[in-house]
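**Q** Before anything else, here's the structure in question.
No lab work stands behind these numbers, since they all come straight from the coordinates. All figures in this text were calculated on a predicted structure; none of them were measured in a lab. Every residue, glycine as well, gets a Cβ built from its backbone with ideal geometry; the counts of neighbours run over all protein chains shown.
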Amino acid sequence: MNLTHLECPRCGATYEAGRLQNLCRCGSPLLARYDLAAAGRAVDPDRIAGRPPDLWRYRELLPVADQAHVTTLGEGFTPLLPAARYGAHIGVPRLLVKDEGLLPTGSFKARGAAVGVSRAKELGAERVAMPTNGNAGAAWATYAARAGLRATIAMPASAPAITRQECLVAGAELHVVDGLIGDAARLIAGVRGVFDVSTLKEPYRLEGKKTMGYEIAEQLGWRVPDVIVYPTGGGVGLIGIHKALGELRALGWIGERVPRLVAVQSTGCAPIVRAFAAGARRAEPWEAATASVAFGIVVPAPLGDELILDALYGSGGTAVAVADHELLADLREFGAREGLMLCPEGAACLTAIRRLRAEGWLGAEEEVVVLNTGAGIKYPDIVRALDSGGGVEGSDVLGSGTAGTP
Ligand SMILES: Cc1ncc(COP(=O)(O)O)c(C=O)c1O
Ligand SMILES: [Zn+2]
């Protein structure tokens, strides 16, 4: 294993990687650091190409020492699909969609759960606990069961119903909170004797999600696209892709070019978009957030705000907020032209691309990768929303001020 230590991106403190660890004492998330020179000696793109098509093909850049602790359901290496017909329709013919809906549990949360659970098991955790808006809880409950660990999950009653059922089938202790994700987070904070795996409160979920960045580079022949568009709630995927591409640059596998990263949020809860527009280093919590059909991106106070904003500024990217009626129209337009039912979070990215192209921020020749972070079929209510002309019934107030797991 080439993992060497954990490092705080805010204050520079370092921590031992060999024991269960949450935040830095300064309150920042911690990042896993590797001996990349050793990794580069141990493996190269040709060797990786011959390995099974899952995320463990990047094992020299992942934090599990003993392969016996790898907990897998076959996650990773999702297709990067050309979407030229829809792309041409919106003036971006070189549009590609990475379809994370094909992962176990139907969302990209499986990546973070596979690596996070594997490492937690390796370091001796017996029970993990997290608040969630749905998909993350479903994935962690599932992988915890697979690893023989126990899981305590708390989610709002308004989270997608299927994710509750996934937790129950996986034998998790499920708390349905009559409130908001902040209430779920408070409940979890009071549970003793568990390892807290809330978004970015442990360093290894990020390591699983960064493999989206490795795969995009590998699938393009070890190069990067011009732009990567990501539906951003807690921002773990965006931070992970940024970290992954930095590691690949350091390895010398992809050259020096940096794709512009775009964070997409909902108009009813857009703390990152607001902070980016103001040129701020941190994001203020979004007061009185309103629900969106894109449930996963409604996170009023993301713990990784600083890291998300760094990735946007550092890559020359941007941040865009979109409304439900727009993303639902794009979801339908995309389905009719490309034959894939995106999740609403993925569809939100299309709306953002359409707008950025119209404004000239995106050029007609640019190669753009969208992360479709989940399976559209996990959201049967979307169809009802389309039938009724768009929008989501009863936009609940989600509250704000507490970081949770989207
Ligand atoms: C389908 C989907 N997309 C995007 C997100 C946002 O993920 P992140 O925390 O990486 O920003 C979530 C989180 O719940 C999600 O379920
Ligand atoms: Zn620190």
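**Q** In what order do ARG19, ARG192 fall by count of nearby beta-carbon atoms within 10 Å, going from fewest to most?
**A** ARG192, ARG19
**Q** When the chain is treated as a GNM, springs tying every alpha-carbon pair under 10 Å, which of GLU207, GLU126, GLU75 comes out with the largest mean-square fluctuation?
**A** Looking only at GLU207, GLU126, GLU75, the largest GNM fluctuation is found for GLU126.
**Q** Out of GLY124, GLY182, GLY116, any idea which swings most in a Gaussian network model of the chain, alpha carbons joined below 10 Å?
**A** In the Gaussian network model the winner is GLY124.
**Q** What are the residues whose amide H is under 5 Å from the amide H of ALA280, where those residues sit 5 or more places off or on another chain and H is modelled from the backbone?
**A** Here the answer is none, since no amide H 5 or more places off falls under 5 Å of that of ALA280.
**Q** Under a 10 Å cutoff between Cα atoms, tell me which one of GLY171, GLY106, GLY268 has the largest fluctuation in the Gaussian network model of the chain.
**A** GLY171
**Q** Please list, in order along segment 335-348, the HN-Hα scalar couplings obtained from phi with the Karplus expression 6.51 cos²θ - 1.76 cosθ + 1.60 (θ = phi - 60°), rounded to whole Hz, x for Gly and Pro.
**A** x, 5, 8, 10, x, 9, 7, 6, 7, x, 5, x, 4, 4
**Q** Could you line up GLU166, GLU366, GLU16 from fewest to most neighbouring Cβ atoms inside 10 Å?
**A** GLU16, GLU366, GLU166
**Q** Have a look at segment 60-127 and give its Rg and Dmax from the Cα atoms, expressed in angstrom.
**A** Radius of gyration, then largest Cα-Cα span, for segment 60-127: 16.8, 52 Å.
**Q** For THR4, what residues show an amide H to amide H distance below 5 Å, using hydrogens built from the backbone and excluding near sequence neighbours?
**A** Under 5 Å from the amide H of THR4: ARG33, TYR34, ASP35.
**Q** So what J values fall out for segment 51-57 if you push phi through Karplus, 6.51 cos²θ - 1.76 cosθ + 1.60 with θ = phi - 60°, rounded to Hz, Gly and Pro as x?
**A** With coefficients 6.51, -1.76 and 1.60, one gets 8, x, x, 9, 5, 6, 5 Hz.
**Q** Here's something else I'd like to know. Calculate the length of the line joining the C-alpha centroid of segment 86-128 to that of segment 1-31, in whole Å.
**A** Their Cα centres are 23 Å away from one another.
**Q** What whole-number distance in Å separates the alpha-carbon centres of segment 139-206 and segment 328-347?
**A** Spelled out, the Cα-based centre of one part sits 29 Å from the other.
**Q** Something else now. Could you work out the equivalent-ellipsoid semi-axes for the chain, taking the square root of 5 times each eigenvalue of the Cα gyration tensor, largest first, in whole Å?
**A** Working through the eigenvalues yields semi-axes of 28, 26, 20 Å.
**Q** Over segment 48-105, calculate the relative contact order: mean separation of alpha carbon pairs under 8 Å at least 6 apart, over the residue count, as a percent. Let's see the in-between values first.
**A** Working: 57 pairs, mean separation 16.5, N = 58.
Worked out over segment 48-105, it gives 28 percent.
**Q** Below 8 Å, C-alpha to C-alpha, sequence gap of six or more: please give me the relative contact order for segment 258-329 in percent.
**A** 47
**Q** Would you give the gap between the C-alpha center of segment 244-263 and the C-alpha center of segment 285-313, rounded to a whole Å?
**A** The distance from the Cα centre of segment 244-263 to that of segment 285-313 comes to 24 Å.
**Q** Lysines within cross-link reach of LYS378: Cα-Cα under 21 Å, excluding same-chain residues under 8 positions apart?
**A** Within the straight-line limit of under 21 Å, LYS378 reaches these lysines: LYS98, LYS109, LYS209.
**Q** With an 8 Å cut-off on Cα pairs and a minimum separation of 6 or more residues, tell me the relative contact order of the chain in percent.
**A** Taking the mean separation of contacting Cα pairs over the length of the chain, I get 19 percent.
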